[in-house]
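**Student:** Mind looking over this structure? Questions follow.
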Amino acid sequence: VQLQAFGGGLVQAGGSLKLSCARSGTIFMIKAMNWYRQAPGKQRELVAGIDRDGITNYVDSVRGRFTISRDNAMKTVYLQMNSLKSGDTAVYYCFANSIVTGPPYWGQGTQVTVSS
């Protein structure tokens, strides 16, 4: 299984970006696909997640600005990021896990830089 993240870049504050995470390979009984981010000197944090039932969750700092979505097969997950702030600058990673026991899967990360 591989997760490939796309869509990062440099954007001005107030702008928008859309990240995509494409999954290749099969995850048996996939549970959720999430977006995490890690800013320099900070711990990696969960930004948004979507589960197999389509239920979403967001960290408070992005709720109302970011939207996570997926295709029906959970082969691709998106993160629409609006009203970006300098505090959103980080490397964004996609993540997937299974209901059954086993290690999660991580993508390689994509850099998002918001200039103020």
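The values are calculated or read from the model by the stated rules, or taken from the named source; none is laboratory data. Because the structure is a prediction, the values reported are computed rather than measured. Heads up, the Cβs are rebuilt from the backbone with ideal geometry, glycines too, and the neighbour counts pull from every protein chain shown. To get the accessible areas, we keep the full protein, side chains included, count just its heavy atoms, and leave off ligands, DNA and RNA. Shrake-Rupley method; radii C 1.70, N 1.55, O 1.52, S 1.80 Å.
Table: residues versus (1) in contact with a strand residue (DSSP E or B) (Cβ under 7 Å, 6 or more places away or on another chain); (2) buried (at least 21 other Cβ atoms within 10 Å of the Cβ); (3) among the aliphatic types (A, V, I, L, M); (4) farther than 17 Å from Arg23 by Cβ.
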| residue | (1), (2), (3), (4) |
| --- | --- |
| Arg70 | yes, no, no, no |
| Cys94 | yes, yes, no, no |
| Gly107 | yes, yes, no, no |
| Gln111 | yes, no, no, yes |
| Ser116 | no, no, no, yes |
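**Student:** Something else now. For the structure I just gave you, tell me whether Tyr78 is aromatic (Phe, Trp, Tyr) and open to solvent by less than 60 Å² (accessible area, probe 1.4 Å). Please lay out each step first, then the result.
**Tutor:** Values: aromatic (Phe, Trp, Tyr): yes; open to solvent by less than 60 Å² (accessible area, probe 1.4 Å): no.
It is false that Tyr78 is aromatic (Phe, Trp, Tyr) and open to solvent by less than 60 Å² (accessible area, probe 1.4 Å).
**Student:** If you take the residues in the stretch 23-49 that are closer than 15 Å to Pro104 by Cα and among the hydrophobic types (A, V, I, L, M, F, W, C), which one is most open to solvent (accessible area, probe 1.4 Å)?
**Tutor:** Applying the filter and picking the extreme gives Phe28.
**Student:** Counting residues that are modelled with pLDDT of 95 or more and β-branched (Val, Ile, Thr), which strands (runs of 3 or more DSSP E) fully inside the chain reach at least 1? Outline the logic, then answer.
**Tutor:** Values: elements: 2-6, 9-12, 17-24, 30-38, 45-51, 56-58, 66-70, 76-81, 90-98, 110-115.
The qualifying strands (runs of 3 or more DSSP E) are 9-12, 45-51, 56-58, 66-70, 76-81, 90-98, 110-115.
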